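Here the structure comes first, spelled out in structure tokens, and everything after it is commentary.
The values are calculated or read from the model by the stated rules, or taken from the named source; none is laboratory data. Just so you know, these numbers come straight off a predicted model, no measurement behind them. When we count neighbours, we look across all protein chains shown, and the Cβ atoms used for this are built from the backbone with ideal geometry, even at glycine. Side chains included, ligands, DNA and RNA excluded: accessible areas come from the protein's heavy atoms. Shrake-Rupley method; radii C 1.70, N 1.55, O 1.52, S 1.80 Å.
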Amino acid sequence: MHTDSTFSPLVALVGNPNCGKTALFNRLTGARQKVANFAGVTVERKIGRYIGQTGRVWQILDLPGTYSINASTPDEQITQAVITGKHPSETIPDALVCVVDATNLRRGLRIALELKLLNLPMVLAINMVDVAQSRQIKIDLDALSKALDMPVVETIAVRTQGEAKLVAALEQLPIKSSKNPAIDLSDTPVLELQSQVNAILDACVTNVVPASPWSEKIDRIILHPIWGTALFLGLMFLVFQAVFSWAQVPMDIIKSTVEGFGELVQETMPEGVLRDLITQGIIGGSGAVLVFLPQIVILFFFILALEDSGYLPRAAFLLDRLMGSVGLSGRAFIPLLSSFACAIPGIMSTRTIQNPRDRLTTIMIAPLMTCSARLPVYALIIAAFIQEKTVLGFLSLQGVVLFILYLAGILSAMAVAWFLKPKNKNTHALLLELPDYRWPNLRNLGLGLWERIRIFVTRVGTIILALMILLWFLSSFPGAPENATHPAIYYSIAGLLGRALEVVFAPIGFNWQICIALVPGMAAREVAVAALGTVYSLSQHGDNLADTLQPLIAQSWSLPTALSLLAWFVFAPQCIATLSVVKRETNSWRYPLIMLGYLFGLAYLASFITYHVALYFLG
Ligand SMILES: Nc1nc2c(ncn2[C@@H]2O[C@H](COP(=O)(O)OP(=O)(O)OP(=O)(O)O)[C@@H](O)[C@H]2O)c(=O)[nH]1
Ligand SMILES: [Mg+2]
């Protein structure tokens with residue numbers, strides 16, 4: 001054992017996908033990395049610290065799950081590079097924790113045997129023993145430990161203290177030095193391991209039940225081509241309905257709080273630049289976005305619950321044929337679905353796609369999936385222009401329109417994929433692991449939602465706030481000339497810019513106020529809503545200042561303009577962060593530039609058509 005207490009060993013968590021590595025990592029380090037019930041959640045290496053009872057600091061590495069140390073996908077390659085010491089940013093780990101799923105030992109032990117070939121100090125952590133117990137799987141730990149010649153412990157990564165035995169075993173490991181040489185894996189005889197695994201299983205494990213019987217029964221419906229698809233569509237539809245109907249009360253509360261606050265400032269502060277900055281720039285701008293928090297929380301509630309339930313890979317399986325027909329790999333499903341939250345994690349999780357061309361296609365269409373930053377834009381315009389009424393007896397019309405916008409994104413993504421599809425592409429069968437169904441873990445769900453709220457509110461309080469202050473200055477100076485006929489913003493720097501841009505955007509129905517908002521909206525979509533809030537509160541005459549954005553735009557835009565702007569946001573690549581992730585993941589400027597060009601092109605085209613068709617029919 002190492003006696004130097006200043007030495008902080010680097011321990012890597014390695015194992016199959018979805019066995020609970022990240023859940024263990026979070027438990028050990030107090031981190032809040034994403035945990036979900038499907039393979040390929042973690043696609044990056046993440047490091048954290050754990051301080052042992054002796055005061056020793058351990059560095060813990062969480063890695064993407066891998067089926068073998070011979071990597072085939074980009075995420076697996078990261079794991080391989082780290083554990084063999086080839087990763088550029090660090091030396092080989094001092095010890096490994098091989099995490100295996102107690103209900104899937106056959107696969108887990110295989111990778112354990114492979115990892116043994118690396119000759120590093122190692123512990124086997126048998127995770128999910130709670131599930132194994134409920135299925136009467138019995139594992140003889142002593143025998144297993146002897147057979148593998150390494151310490152074997154049980155863990156329950158989702159339970160308090162569920163990591164205790166692992167921690168104790170780590171303290172006992174004979175860790176030598178942190179200067180292990182890189183390892184060459186080229187001639188490891190990994191293929192012969194399966195018979196060894198079988199022998200060990202026979203000797204150490206009784207009652208290997210593959211899956212719980214009710215999960216098969218559920219699958220018969222969920223994977224059924226007709227019932228399954230109907231269920232899938234119904235589920236998606238429910239989400240959109242919920243986003244509108246459940247959010248109403250909390251939105252009203254936030255709205256009236258923001259309004260009340262604006263009025264308070266208006267009444268108590270002396271008239272002047274500072275008061276205008278606070279009411280128009282800060283409250284009018286950031287407040288306009290904050291109102292959409294409840295809808296985002298509801299959307300994420302569904303996304304997180306679905307992610308933890310085990311449903312997603314099944315939906316991928318269900319839609320595989322459909323996706324295959326436009327040339328997408330079924331593996332693209334989860335990255336694309338993640339893009340509904342945000343294109344950035346979606347694009348990163350394309351690392352689980354083996355074929356580089358499939359991966360690139362998926363990256364290129366990911367921004368067409370409606371990310372949660374579009375929700376404020378859509379919700380604002382829908383609430384202002386679409387009547388709140390029930391159609392067909394039970395559907396909220398606003399929810400239906402929202403659903404159509406999401407569908408428009410999906411269908412155009414499919415069209416683009418089809419366009420990019422190589423000729424005579426032969427499709428592969430989809431090899432996807434179907435995890436056990438699981439009730440979403442409430443703690444996880446709560447933490448996940450909290451994380452979302454934090455991100456959203458932080459964005460409102462930092463980048464959006466800063467941009468709105470800047471925009472307020474640009475929109476307020478220089479002031480209006482004498483006997484001005486327009487509000488002062490019309491004559492300001494931002495106003496000039498907006499009016500110049502209007503030349504380009506007038507054919508698709510955008511006025512100069514919208515054009516102003518589009519510019520800061522390049523940083524991120526919801527910024528456009530904040531900007532509209534600022535621009536419109538500055539465009540107000542008289543005492544309407546406290547009015548929130550929605551009634552203002554309802555008065556000043558025509559319906560064709562509103563529809564055209566909705567169409568614009570289905571396509572427009574208004575997110576710098578996404579473009580920079582594409583640059584990073586594809587390692588070139590080429591693809592982000594192509595993406596920028598093609599999405600702006602589509603956005604303009606779609607808005608043009610929408611605007612003119614709407615003008616024709618609606619006058
Ligand atoms: N019941 C139970 N569930 C667990 C346990 N450990 C993890 N889970 C659940 O298993 C699922 C997968 O956990 P993750 O930590 O994301 O798995 P991972 O190994 O990091 O997966 P990848 O990042 O995809 O390789 C999640 O739904 C967890 O909540 C456990 O000990 N018991
Ligand atoms: Mg993980």
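Brief remarks follow.
- Segment 328-391-segment 305-324 distance, computed between alpha-carbon centres (Å): 15 Å
- Computed 3J(HN,Hα) for segment 522-527, one whole-Hz value per residue from the Karplus formula 6.51 cos²θ - 1.76 cosθ + 1.60 where θ = phi - 60°, is 5, 5, 6, 5, 5, 4, glycine and proline marked x.
- Rolling a 1.4 Å probe over the protein heavy atoms gives segment 10-206 an accessible area of 41 Å² per residue.
- Computed over the chain, relative contact order equals 13 percent, with contacts defined as Cα pairs under 8 Å that lie 6+ residues apart.
- Contour excess over end-to-end distance, with Cα ends at ARG220 and LYS583 and 0.36 nm allotted per residue: 126.5 nm
- FRET efficiency for ASP149 and GLU44, using Cβ-Cβ distance with R0 set to 35 Å, rounded to 0.05: 0.65
- Here is how the number arises for the chain: DSSP H runs of 4 or more residues each give -39500 (n - 2.57), the sum is divided by the residue count, and the result at 222 nm is -17000 deg cm²/dmol.
- Comparing THR390, LEU431, SER372 along the charge dipole axis of segment 370-450, the residue lying farthest to the positive side is LEU431, per the Cβ-charge model.
- Label zone at ARG32, where the point sits 7 Å out along the Cα-to-Cβ direction: segment 446-467 residues whose backbone N lies under 20 Å: 446-464
- When +1 charges are put on Lys and Arg Cβ atoms and -1 charges on Asp and Glu Cβ atoms, the dipole computed for the chain relative to its Cα centre reaches about 1100 debye.
- Placing unit charges on the Cβ atoms only, positive for Lys and Arg and negative for Asp and Glu, gives segment 369-446 a dipole magnitude near 240 debye about its Cα centre.
- Taking the three principal axes of the alpha carbon atoms in segment 10-206, the coordinate ranges are 43, 40, 33 Å, sorted in descending order.
- Residues of segment 291-317 with amide N under 13 Å of a point placed 7 Å along Cα→Cβ from TRP227: none
- Whole-percent pair-distance distribution, where bins are 20 Å wide, for the alpha carbons of the chain: 18, 45, 28, 8, 0
- In segment 348-450, chymotrypsin sites (Phe, Trp or Tyr not before Pro) in a DSSP loop with at most 12 other beta-carbon atoms within 10 Å: PHE394
- Taking the C-alpha atoms only, the angle from helix 248-268 to the longest principal axis of the chain is near 50 degrees.
- Rough spin-label spacing in nm, given labels placed 7 Å along Cα→Cβ, for ALA480 and VAL504: 2.9 nm
- Residue order for LEU563, LEU115 - accessible surface, 1.4 angstrom probe, largest first: LEU563, LEU115
- Sparse-neighbourhood loop sites, chymotrypsin sites (Phe, Trp or Tyr not before Pro) in segment 524-619 - DSSP loop, at most 11 other Cβ within 10 angstrom: TRP589
- Fraction of beta bridges assigned by DSSP in the chain that are antiparallel (%, nearest 5): 35 percent
- The label point for ASN70 and the one for THR390, both projected 7 Å from the Cα toward the Cβ, are 6.2 nm apart.
- Spin-label model distance (nm) - LYS176 vs LEU407, 7 Å beyond Cα toward Cβ: 6.4 nm
- Solvent-accessible surface (1.4 Å probe) assigned to ARG454 amounts to roughly 110 Å².
- In the context of the full set of protein chains, segment 466-619 has a per residue accessible area of 44 Å² (1.4 Å probe).
- Probe 1.4 Å, protein heavy atoms only - accessible area per residue of segment 229-342 in square angstrom: 40 Å²
- Summarising the amide proton neighbourhood of ILE60: residues at separation of 5 or more, or on other chains, whose placed amide H is nearer than 5 Å comprise VAL11, GLY48, ARG49, TYR50.
- Accessible surface of the chain, 1.4 Å probe: 63 percent of it comes from carbon and sulfur atoms.
- Of all DSSP beta bridges confined to segment 10-206, the antiparallel ones make up roughly 30%.
- Which listed pairs, of LYS116/LYS146; LYS46/LYS116; LYS34/LYS176; LYS86/LYS116; LYS46/LYS146, have C-alpha distances above 25 Å, in listed order: LYS34/LYS176; LYS46/LYS146
- Difference of contour (0.36 nm per residue) and Cα-Cα distance, ILE493 to ALA199: 98.1 nm
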